[in-house]
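The values are calculated or read from the model by the stated rules, or taken from the named source; none is laboratory data. Predicted model, so just to flag it, every value in this text is computed and none were measured. Cβ coordinates were reconstructed from backbone atoms using ideal geometry, including for glycine residues, and neighbour counts include every protein chain displayed. These area figures cover heavy atoms from the full protein model, side chains too; ligands, DNA and RNA do not enter into them. Shrake-Rupley method; radii C 1.70, N 1.55, O 1.52, S 1.80 Å.
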Amino acid sequence: MNVVITGAAGFVGSHLCERFLSEGACVFGVDNFSTGVSGNLSDAVRNPAFQLLTADVSHDFDDVISRAAAPDIVLHLASAASPLEYSVRSIETMEVNSAGSAHCLEWCKRVGARFVFASTSEAYGDPTEHPQSEEYWGNVNPIGPRSCYDESKRFGEALSMAYSRLHGVDVRIARVFNTYGPRMRAHDGRVVPNFIRQALCGDAVTVYGEGSQTRSFCFVEDLCEGLYRLATRQSASGTVVNLGNPDERTIAELAEVVSRLIGVPLRVEHGPLPVDDPRRRCPDISRAKRLLGWEPTTNLEEGLSKTIAYFRGELVAAK
Ligand SMILES: NC(=O)c1ccc[n+]([C@@H]2O[C@H](COP(=O)([O-])OP(=O)(O)OC[C@H]3O[C@@H](n4cnc5c(N)ncnc54)[C@H](O)[C@@H]3O)[C@@H](O)[C@H]2O)c1
């Protein structure tokens, strides 16, 4: 099986490369290193079945096509994913989810490959239905500061379905909910690395608003298992599937668990709530259970302990 993974050097992409390699696939990774890190691929590059190309999938796609073997599956993960990063890269984020997706889909059409799009729970915006099932259409501010991400992912989904309907491309869309784990960057602005970095450094953790907003945190290995099944199961063709952990927690509760696991007293500093910040976020994963036989198996404490161990190692290495 030949697999192309865009965004291969990112947090999720690098774990996903390893997941496919462990199944004996040949993996061709593509990344422009805008937010990706070469060290994330230090294990993958030792495997002869892995190849890496530095290229921008929004602009240099001919390079990808000329260097990669014809794929059976293209998994499109390239895109900034944290609010901090997509706000400074808003145009690139819109390009990679629109032009980048179009390039991948056109290639899939030509060679008869499957296309898997990494969409997001942000497609639901600030949801008015709870928990969110795939039938819910969302509540998105089309011109707000998060719109470069939310709306371009929604466009990527619509484009995928158009290629499915018009050209018969076998597409699968994952709406990925908050995922955490080793290889997140300490300063990428997402809540889990923020809290762990701050608590490990003995600082107060920054909670935006009162901390009563909720998120559901999925460990990266669980997510990659879901993505692997979505990409490889016949039953998943033409579908959109939520991939996330339905264990919903408040942000205040997350701060408490991180401090307890690190073994420091909880100290909280409050900051202003970001514009259009979703108040509640929790996936309905009935479809993933039914179609993929998938549900997360790593509980929050276990996943956070592994993530904290990774960040401790990174801090020691940085000294
Ligand atoms: N991690 C999460 O909680 C989460 C939640 C929802 C959706 N997702 C989606 O999963 C995917 C991966 O997210 P992540 O958390 O690993 O983010 P990440 O920033 O760690 O990884 C994204 C990767 O894409 C690369 N990239 C960006 N633009 C590119 C381009 N034009 N050409 C080539 N490479 C490019 C970056 O260099 C980086 O390596 C994204 O599509 C994101 O939207 C992630």
Practice item. Express in whole angstrom the spacing between the alpha-carbon centres of the stretch 169-192 and the stretch 7-71. Key: 16
Review point. To the nearest 10 degrees, how steeply does helix 300-318 sit against the main Cα axis of the chain, on a 0 to 90 scale?
Key: 90
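Under a point-charge model restricted to the Cβ atoms of Lys and Arg (+1) and Asp and Glu (-1), what is the dipole moment magnitude of the stretch 62-177 relative to its Cα centre, in debye to the nearest 20? Please list the in-between numbers first.
Numbers: 11 positive and 16 negative charges, 60 e Å.
I would put it at about 280 debye.
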Exercise for review: Mind running the shape call on the stretch 163-252? Use the C-alpha gyration tensor, a ≥ b ≥ c as the square roots of the eigenvalues: rounded below 1.5 for a/c, prolate if a/b tops b/c, oblate otherwise.
Suggested key: prolate
Check your understanding: In whole percent, how big is the carbon plus sulfur part of the accessible area of the chain, probe 1.4 Å, protein atoms only?
Key -> 51
Exercise for review: Would you list which aspartates and glutamates come within 12 Å of K153, measuring only between C-alpha atoms, while excluding same-chain residues fewer than 8 positions from it?
Suggested key: E95, E122
Review point. Hey, what's the chain come to in accessible area per residue, 1.4 Å probe, Å²?
Key: 42
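Once you keep just the Cα pairs under 8 angstrom separated by 6 or more residues, what percentage relative contact order results for the chain?
It comes to 17 percent, rounded to a whole number.
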Check your understanding: With springs only between Cα atoms under 10 Å, which of V258, V171, V275 fluctuates most in a Gaussian network model of the chain?
Key -> V275
Study note, to complete from the structure: Taking the dipole of the chain about the Cα centre (Lys, Arg +1; Asp, Glu -1; charges at Cβ), the one of V258, H59, T232 that reaches farthest to the positive side is T232
Point to revise | Distant-in-sequence amide H partners of T120 (H built 1.01 Å from N, under 5 Å) | key: V176
Exercise for review: Provide the gained length on full extension for the span E135 to R165, in nm with one decimal, where the gain is 0.36 nm per separating residue minus the Cα-Cα distance.
Suggested key: 8.9 nm
**Study point:** Helix 90-111 vs. the chain, principal-axis angle (Cα, 0 to 90°, nearest 10)
**Key:** 30
Review point. Among I173, A70, C282, whose Cα lies farthest out toward the positive end of the dipole of the chain, if unit charges sit on the beta carbon of Lys, Arg (+1) and Asp, Glu (-1)?
Key: A70
Point to revise | Selected from N242, N139, N178 as most flexible by GNM, with the chain as the system and alpha-carbon contacts under 10 Å | key: N139
Check your understanding: About its Cα centre, what dipole magnitude does the chain give when the only charges are +1 on Lys and Arg Cβ and -1 on Asp and Glu Cβ, stated in debye to the nearest 20?
Key -> 420
Review point. So which lysines can K306 reach, going by Cα to Cα under 27 Å and dropping same-chain residues fewer than 8 places off?
Key: K289, K319
Exercise for review: Positive end of the charge dipole of the chain (Lys, Arg +1 and Asp, Glu -1 on Cβ, about the Cα centre): tell me which of V111, G125, G100 has its Cα farthest that way.
Suggested key: V111
Practice item. Take the chain, connect every pair of alpha-carbon atoms lying under 10 Å apart with a spring to form a Gaussian network, then pick out the residue of W107, W294, W137 with the largest mean-square fluctuation. Key: W137
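Taking a ≥ b ≥ c as the square roots of the eigenvalues of the Cα gyration tensor of the stretch 264-319, is the shape rounded (a/c under 1.5), prolate (a/b larger than b/c) or oblate? Before the final figure, lay out the partial values.
Values: a/c = 2.71, a/b = 1.32, b/c = 2.05.
Oblate is the answer for the stretch 264-319, as a/c is 1.5 or above yet b/c matches or exceeds a/b.
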Check your understanding: Roughly how tilted is helix 11-22, in degrees to the nearest 10 and between 0 and 90, from the longest Cα axis of the chain?
Key -> 50
